[in-house]
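Only one structure is covered here, and it is reproduced in the block below.
The values are calculated or read from the model by the stated rules, or taken from the named source; none is laboratory data. Note that the structure is predicted; figures quoted are calculated from it, not measured. Here the Cβ positions follow ideal geometry from the backbone for every residue, glycine too, while neighbour counts run over all protein chains shown.
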Amino acid sequence: MDRIRIVGGHKLSGVIPVSGAKNAALPLMIASLLTPEPLTLENVPRLADVRLLIRILENHGVDHAIDGKRTGDAPGAGQTIHFSAKNIVDTVAPYELVSRMRASFWVLAPLLARMGEARVSLPGGCAIGTRPVDLLLMALERLGAEIDIESGYVVARAPKGLRGGEIDFPKVTVGGTHTALMAAALAHGDTLIRNAACEPEVTDLAACLIAMGAKISGAGTPTIEVQGVASLHGARHAVLPDRIEAGTYAMAVAMTGGDVLLEGARADLLQNALDALARTGTTVTAEDAGLRIVRNGAGIAPVDVTTAPFPGFPTDLQAQFMGLMTRSEGVSRITETIFENRFMHVQELARLGARIRLDGDTAIVEGVRRLKGAPVMATDLRASVSLVIAGLAAEGDTTVHRVYHLDRGFERLEQKLVACGAQIERISDPG
């Protein structure tokens, strides 16, 4: 099993190209199921989750072709993938595939909308209601679907097609909003979605669906209206840049010091996190080519943050910001309001010398003068990269184990950091 070794204490300087957003690419790929015509997606990141979702879509009969790299492409340019769901051969998404990636559960909506039926495994380890799978099903029921749970599978039926309706989400849910958009696009009549997620990835999906012929207004606001159409056609769409990757590298620069241009990053996608970063004493400047992050020698000021749906501070940057705050000159409070159990990185940061105590949904971080390298274990995608950030500033060697989590969400992480002066390498065990 691969691990990553980091020798800390080196400033970052140079250019890091920001990849396409994983959280946008996955629902866009799933949207290919809505049409028999080709959907071409540009700027798709090269990630384990993308490869897995391609396998899942192939199971349903979706063909794909990946363009070769063209002369003149930037080193960090994403891949272009053509998807064709001309013939859906299977409306069952089995447990052995869905259990490996929660987002794959979203195939339920387009399969149901286009084929009138679907049988999709519940995500692995997920009890209904713990994370909002129940809200996804509620959205489909509001559009006339008949939903049953049989032997760990969601069985959805709409033999006469889905019909427009009103969907009032009791809490903001990105997955629920993705599901509602894809299902309503092919429903008979109009759909009104209230308390919709405003995340940029939702807006990106809506833009792609509109390019495919959907009639959607209000995406990016809490109220979205969809006029159902009889069919969707093919389209070409570029995945937006990954705001979580951009925020992660910005915090790495703030942690180590240095001067890095995040090429292709957009401030409007993560302004709240950039504001928090600026309050730490880091200089954040928007340029034509992206975002420049600079911290030259000054200490890191403590900053309190609370995670919230967009445009608030992203839960997917909470662990990284906590890593940064371990070196602040004071005490900070980080409150997690989106997901329970998202402080599993705390005990691993403590192995590096961090001082953190938990009080319910709040982590109280007392900054320390130095961190010291140690072996640590990645517990999930965002937690694993917080350990990388801490390791970049720790004295001596840090080894991060179980880095397959990183490969799910960060494209060429070691190469991007090495190009800016970090001493980091991947070690693969023989066999």
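The table below lists the values:
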{"item": "Qualifying residue in region 263-271 (condition: touching a residue at least 24 places away in the same chain (Cβ under 8 Å), over 30 Å from L39 (Cα atoms) and not in a strand (DSSP E or B))", "result": "yes"}
{"item": "Number of positions in region 335-369 that are among the charged types (D, E, K, R) and surrounded by 14 or more Cβ atoms within 10 Å (Cβ to Cβ)", "result": "6"}
{"item": "Per-region count, region 405-431, residues outside any helix (DSSP H, G or I), charged (D, E, K, R) and within 17 Å of the chain's Cα centre (by Cα)", "result": "2"}
{"item": "Region 18-36, residues that are more than 17 Å from the chain's Cα centre (by Cα) and outside any loop (DSSP other than H, G, I, E, B)", "result": "S32, L33, L34"}
{"item": "Qualifying position, being among the hydroxyl-bearing types (S, T, Y), touching a residue at least 24 places away in the same chain (Cβ under 8 Å) and closer than 20 Å to S19 by Cα, among T337, T315", "result": "T315"}
{"item": "Qualifying residue in region 395-404 (condition: under 18 Å from the mean Cα position of the chain (by Cα), within 27 Å of A267 (Cα to Cα) and surrounded by fewer than 17 Cβ atoms within 10 Å (Cβ to Cβ))", "result": "no"}
{"item": "Only one of T177, T191 that is in the same structural domain as L33 (by TED's automatic domain parsing), of a type in the set (S, T, N, Q) and closer than 30 Å to E96 by Cα", "result": "T177"}
{"item": "Residue identified as assigned to a strand (DSSP E or B), without any contact (Cβ under 8 Å) to a residue 60 or more places away in the chain and buried (at least 19 other Cβ atoms within 10 Å of the Cβ) among S328, S384, S332", "result": "S332"}
{"item": "Filter result for L53 (touching a Ser or Thr at 6+ places or on another chain (Cβ under 8 Å), under 20 Å from R119 (Cβ atoms) and at pLDDT 95 or above)", "result": "yes"}
{"item": "Boolean, A252 is part of a helix (DSSP H, G or I), touching a residue at least 12 places away in the same chain (Cβ under 8 Å), out of contact with any Pro (no Cβ under 8 Å at 6 or more places or on another chain) and of a type in the set (A, V, I, L, M, F, W, C)", "result": "yes"}
{"item": "Number of positions in region 249-290 that are surrounded by fewer than 20 Cβ atoms within 10 Å (Cβ to Cβ), more than 19 Å from G330 (Cα to Cα) and small (G, A, S)", "result": "3"}
{"item": "Unmet requirement for G72, which otherwise passes all of (1) touching a helix residue (DSSP H, G or I) at 6+ places or on another chain (Cβ under 6 Å); (2) at pLDDT below 95", "result": "(1)"}
